[in-house]
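See below for the structure under consideration.
Each reported figure results from applying straightforward, stated rules to the coordinates on display, with no laboratory input. If you're wondering where the values come from, they're calculated on a predicted model, not measured in any experiment.
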């Protein structure tokens, strides 16, 4: 067992975890933050993306003990305190960037990480960045559109599909 | 996942001591090991995390001009911090896996695992880099010993890798469409003295290797045309659902030419 202390969405938390407890299981089972999804068992789908010290990581491919002392942000930390959607979340809604919504938390966390480093990405840069995020519904097109819109760029040139 | 103990050393000496226990296993970025543990493909008694060891992290330039990268340095950090000194290596690091993998996966982890399709091994072999461990220095030529096999001893840790910096270089891979791992990947490098080196990943049953025939031709003339007439032998190439040995051998030629053109 390991004693860990970390910040999650701006709140400090401490817990005792097993060595093998994955960060995603600690977030979901330990803290009840079930917005971070588990879409596969093979580290390939990207539904569980969270930010650890500002870097996007797969919460299913990191142990909870490795997050000791870290600042973690999950999808629950993306909206404002009053529940107002973040710019990225609002853009996903406005541009129909989701259908079933299962992959969306990971998509939003990936988009936030991309826009932090690259505020005005090209369509190709967005597609490259989302290589590790799988969506089975949308065909990605409206996700790309939503992220372009969230970056303040004109999306009218992007053909509807 | 099976149960295991954990250790979180903050220096290399403590990590080596923690790894002395039977069935102890080093945990670098975990981007291969953790999925393997989840699938119960490994059952270590203890995981020794290497991520809290500052002396294993960072990118710097040695006095002799070589680029030194700590074994615990993530791909994302290499992509950002090596860009100026060694653009070919930074570009390679920037296309490993996906963004989340690049934020956790490390140079040392990739080299210690030596997956036959891994991205870093051809860069290490093609530049003739030196691998510094907790106990010795290993030349790239001696380090890679076949698929998932290296010169590392039990419990030996890659502290740093020193890369001679070529004048021109590029990494090009032909991605297997489902996994995005290299079906064939080539790192081609030309050094200031005119010597050319070509290393290939993904293709051979023996893991990463140098294509010496191409090196000789490219050392005379650094141009894709210089190797247009060469074909890599299909013997010993991987044969699986994604490509036959002949197909992979053909790709080695095509991808090497592309890498030379891109360098």
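Taking the DSSP beta bridges with both ends in chain B, the antiparallel portion is around 85 percent. Classify the range B:54-163 from the C-alpha gyration tensor, please: rounded if a/c falls under 1.5, else prolate or oblate depending on whether a/b exceeds b/c. Since a/c stays below 1.5, the shape of the range B:54-163 is classed as rounded.
Using a cutoff of 8 angstrom between alpha carbon atoms and counting only pairs six or more residues apart, the relative contact order for the range A:87-150 works out to 57 percent.
When the Gaussian network model of chain B links Cα atoms closer than 10 Å, the mean-square fluctuations of B:131, B:227, B:158 top out at B:227.
One Cα centroid belongs to the range B:43-94, the other to the range A:10-83; the line between them spans 25 Å. Go ahead and set up a Gaussian network model of chain A, Cα springs under 10 Å, then flag whichever of A:68, A:53, A:117 fluctuates most. Answer for the Gaussian network model of chain A: A:117. Using a 10 angstrom cutoff on alpha carbons, build the Gaussian network for chain B and name the most mobile of B:226, B:241, B:203. Top of the fluctuation ranking is B:241.
Roughly how tilted is helix A:141-150, in degrees to the nearest 10 and between 0 and 90, from the longest Cα axis of chain A? It works out to around 80 degrees. Rounded to the nearest 500, the 222 nm mean residue ellipticity of the protein assembly as shown from helices alone is -7500 deg cm²/dmol, with -39,500 (n - 2.57) taken per DSSP H run of at least 4 residues.
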